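The block underneath contains the structure these notes are about, expressed in structure tokens.
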Amino acid sequence: KRLQDLVSRHGTSPLLAKVEGILLVRLERFAEAEAPLRRALSAMPDDVEVQAFLGVVLHQQGYEGEAEELLIGAIPHLRKPVTVLNALGNLYAALGRTADARAALERAIELMPDSPGLYRNLGGVYKFRREDPYLARMEELYERLETLKPDDQVELLYALAGAYDDIGEKERAWELFVEAGRRRRAQLDYDPDKSERLVEQLRMVFTRELYE
């Protein structure tokens, strides 16, 4: 409703279309995000952020060719293209292009080595070894598990479970897998204020960019 109020006040400007599309991506409503992001890109073809988000949306919907083109095109223009590299890695993994997926995800990890989700995604195209720097880094993160965000805690536990399974520590892998599932279930309690807070944050960004 808040987003509809913004549209009614400001019309369907390219900037508002961008904000709407990003909001819908954040809420994982990918099909709904495509139209506003396409409108924004049509009016702002050089907006790298719109390219990147639209690439993610198209990948989620199975339009791999166009998604790959947009994601690759965005990378050189972003200072730290971790999200784009992650999306590209997942795209390549879905296509069975294992080497390309691994290269994209390893590049993302170089840029953000403390992101548990990247290690979990890497585990889909990479077999961890007992003396593995990636495993060592995950174990370091595990030592401060409770300081991580709840989503990152779950991602790290799943990533470590997969890594320990790779090196043959089945019992430890199962313990971590069960703990990850327990924490994930605890997160499923719906937070009715989460979407509202996100809309409010984007409303402030929109207002600042439009009027300053």
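Per 5 Å bin, what percent of the C-alpha pairs of the range 85-128 does each bin hold, from zero upward?
Per 5 Å bin, starting at 0, the Cα pair percentages come out as 6, 31, 38, 20, 5, 0.
To the nearest 20 debye, what charge dipole does the range 1-128 have about its Cα centre, counting +1 at the Cβ of each Lys and Arg and -1 at the Cβ of each Asp and Glu? All intermediate terms of the calculation are to be shown ahead of the outcome.
Details: 15 positive and 16 negative charges, 71 e Å.
Taking the Cα centre of the range 1-128 as origin, the dipole is about 340 debye.
Which whole-Hz ³J(HN,Hα) couplings does the range 31-46 yield from phi under the Karplus relation 6.51 cos²θ - 1.76 cosθ + 1.60, θ = phi - 60°, glycine and proline marked x?
So the J values, rounded to whole Hz, are 4, 6, 6, 4, 4, x, 5, 5, 4, 5, 5, 4, 8, 10, x, 9.
Just to confirm a number: summing +1 for Lys and Arg and -1 for Asp and Glu over residues other than Leu141 whose beta-carbon lies under 9 angstrom from that of Leu141, what do you get? It would help to have the intermediate numbers written out before the result.
On the way: positive: Arg137, Arg144; negative: Asp114, Glu139, Glu140, Glu143, Asp152.
Value of the local net charge: -3.
Please identify every one of the trypsin sites (Lys or Arg not before Pro) in the range 73-137 that sits in a loop by DSSP and has no more than 12 other beta carbons within 10 Å of its own beta carbon.
Hits after loop and neighbour filter: Arg79, Lys127, Arg129, Arg130.
Determine, from the Cβ-Cβ distance of Leu15 and Ile72 and an R0 of 30 Å, the FRET efficiency 1/(1 + (r/R0)^6), rounded to the nearest 0.05. Walk me through the numbers before you get to the answer.
Numbers: r = 25 Å, r/R0 = 0.84.
Using R0 = 30 Å, I get an efficiency of 0.75.
Run through the range 114-183 and list the GluC sites (Glu not before Pro) located in a DSSP loop whose Cβ has at most 14 other Cβ atoms within 10 Å.
Passing both the DSSP loop test and the Cβ count: Glu131, Glu143.
Considering only protein heavy atoms and a 1.4 Å probe, what is the carbon-and-sulfur percentage of the accessible area of the range 99-154? Before the final figure, lay out the partial values.
On the way: 1510 of 3140 Å².
Here it works out to 48 percent.
Which Rg and Dmax, in Å, describe the Cα atoms of the range 39-114?
Taking only Cα atoms of the range 39-114, I get Rg and Dmax of 12.0, 36 Å.
Using the Karplus curve 6.51 cos²θ - 1.76 cosθ + 1.60 with θ = phi - 60°, what ³J(HN,Hα) values do you get for each residue of the range 101-106, in whole Hz, with x for Gly and Pro?
4, 4, 4, 5, 5, 5
Provide, in order from the shortest bin, the percent of all Cα-Cα pairs of the range 79-171 in each 10 Å bin, continuing until the bin that contains the maximum pair distance.
The percentages, shortest bin first, are 18, 49, 30, 3, 0.
Go through 67-76, 48-57 and give me the packing order, highest mean Cβ count within 10 Å leading.
48-57, 67-76
If Met112, Met138 are ordered by their accessible area, calculated over protein heavy atoms with a 1.4 Å probe, which sequence runs from highest to lowest? Show your work: numbers first, answer last.
Numbers: Met112 75, Met138 0 Å².
The residues order as Met112, Met138, largest area first.
Residue separation times 0.36 nm, minus the C-alpha to C-alpha distance between Arg26 and Gln61: what's the value?
11.1 nm
The values are calculated or read from the model by the stated rules, or taken from the named source; none is laboratory data. As the structure is a prediction and not an experimental result, all values here were calculated from the model. With ideal geometry, Cβ positions are generated from the backbone for all residues, glycine too; neighbour counts draw on all protein chains shown. Heavy atoms of the whole protein, side chains included, go into the accessibility calculation; ligands, DNA and RNA do not. Shrake-Rupley method; radii C 1.70, N 1.55, O 1.52, S 1.80 Å.
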